[in-house]
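Since the structure comes first, as structure tokens, the remarks are kept for the end.
The values are calculated or read from the model by the stated rules, or taken from the named source; none is laboratory data. Since we're looking at a predicted model, the values are computed, not measured. Methodologically, a virtual Cβ is constructed for each residue, glycine included, from the backbone with ideal geometry; neighbour enumeration extends over all protein chains shown. Heads up: the accessible areas ignore ligands, DNA and RNA and are worked out on the full protein's heavy atoms, side chains in. Shrake-Rupley method; radii C 1.70, N 1.55, O 1.52, S 1.80 Å.
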Amino acid sequence: MGGEPLIALNVVCFPTSCEPISVLQDILDGGAHKIIEANAMLAGGHSVQDEEPKYGLVVFGEVDAKAMWTVGTAREGDCLILTKPVGTGIAVTAIKAGLFAPENVKAAEENMAKLNAVPPLFSKELREKVHACTDLTGFGLGSHALDLASPHTSLEIDCLKVPLLPGIGEMANMGLIPAGSYENKKYVGDRVINQSPLGRFAEDIVFDPQTSGGLLIAAPREACEEMLPILRANGFERSEIIGYFIAGDEKLYLK
């Protein structure tokens, strides 16, 4: 919400009866490295026995209460920035099927491992120009983009400008669409009007459930154009302005 993390606590469920402790060590090491990368401190946590591995973090941070990045507050005329490529749902489905090329697997892994450490990149003045923001997760690009819109506002997304992970188009054409995509379409499909030259693939893109996706940032065009070079110079090379908000009845138009 525009803040910065300070302290993190591990929450771990792990089956020590059937998985080696070295696997747990690798998981905890990975989490610790990301906490350090985020300039936060690991202060302990909690672990329990379980039938399958689960891992997460409880994070405490600080944010200016008067300048929090919220949802449902994008304004007519705002542009929409996407900071990371989409397609992780299709990618993971292809990986499970053993059909994703090794170089594409690596690209997907690097994309998911990239922290959304965006607020510290911007000046206080630029942060305050953000009208709405959310992270892109399992509900997909379409659902999360609609979450940003204020009442009586719609959104147009240029699907040709949406950055994609490599190999996603080929995998989608092979029918490697995750089950979550169909659930997302059931959830918001009646609010999505597909006018894109990409046809069905446009829907594959916007309904694909993301794991550790990027941020969606709504702000005036001048602010977005100021943000793009900053993002691209700090590890978000494929950040793009993918759409803009218009007056309307809370619909998403795919162009």
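Structural remarks
- Residues satisfying the stated conditions in the range 52-65, i.e. over 14 Å from L28 (Cα atoms), surrounded by 10 or more Cβ atoms within 10 Å (Cβ to Cβ), at pLDDT 90 or above and not aromatic (F, W, Y): V59, G61, V63
- Being over 19 Å from P178 (Cα atoms) and either buried (at least 16 other Cβ atoms within 10 Å of the Cβ) or touching a helix residue (DSSP H, G or I) at 6+ places or on another chain (Cβ under 9 Å) (or both) holds for only one residue in A218, A202, and it is A218.
- Here V92, V71 are screened, and the one residue that is in contact with a strand residue (DSSP E or B) (Cβ under 7 Å, 6 or more places away or on another chain), β-branched (V, I, T), closer than 30 Å to E156 by Cβ and surrounded by 15 or more Cβ atoms within 10 Å (Cβ to Cβ) is V71.
- Flag if N194 is within 14 Å of T93 (Cβ to Cβ) and surrounded by fewer than 22 Cβ atoms within 10 Å (Cβ to Cβ): no
- Within the set E103, E110, the sole residue that is more than 18 Å from the chain's Cα centre (by Cα), of a type outside the set (V, I, T) and assigned to a helix (DSSP H, G or I) turns out to be E103.
- Residue check for E125: open to solvent by 30 Å² or more (accessible area, probe 1.4 Å), in a helix (DSSP H, G or I) and at pLDDT below 95: yes
- Taking first residues from the range 152-180 that are aliphatic (A, V, I, L, M) and partners that are open to solvent by 50 Å² or more (accessible area, probe 1.4 Å) and not in a loop (DSSP other than H, G, I, E, B), no Cβ contact under 6 Å between residues at least 6 apart in sequence or on separate chains turns up.
- A single member of G235, G213 is of a type outside the set (F, W, Y) and either crowded, with 19+ Cβ neighbours inside 10 Å or over 22 Å from T137 (Cα atoms) (or both), and it is G213.
- When H152 is tested against (1) touching a strand residue (DSSP E or B) at 6+ places or on another chain (Cβ under 9 Å); (2) open to solvent by less than 80 Å² (accessible area, probe 1.4 Å); (3) on the phi > 0 side of the Ramachandran plot, just one condition goes unmet, and that condition is (2).
- Restricting attention to the range 1-46, the residues that are open to solvent by 50 Å² or more (accessible area, probe 1.4 Å), assigned to a loop (DSSP other than H, G, I, E, B) and within 20 Å of L215 (Cα to Cα) add up to 2.
- Test: residue in the range 124-137 that is free of Cβ contacts under 8 Å to residues at least 12 places away in the same chain and among the hydrophobic types (A, V, I, L, M, F, W, C): no
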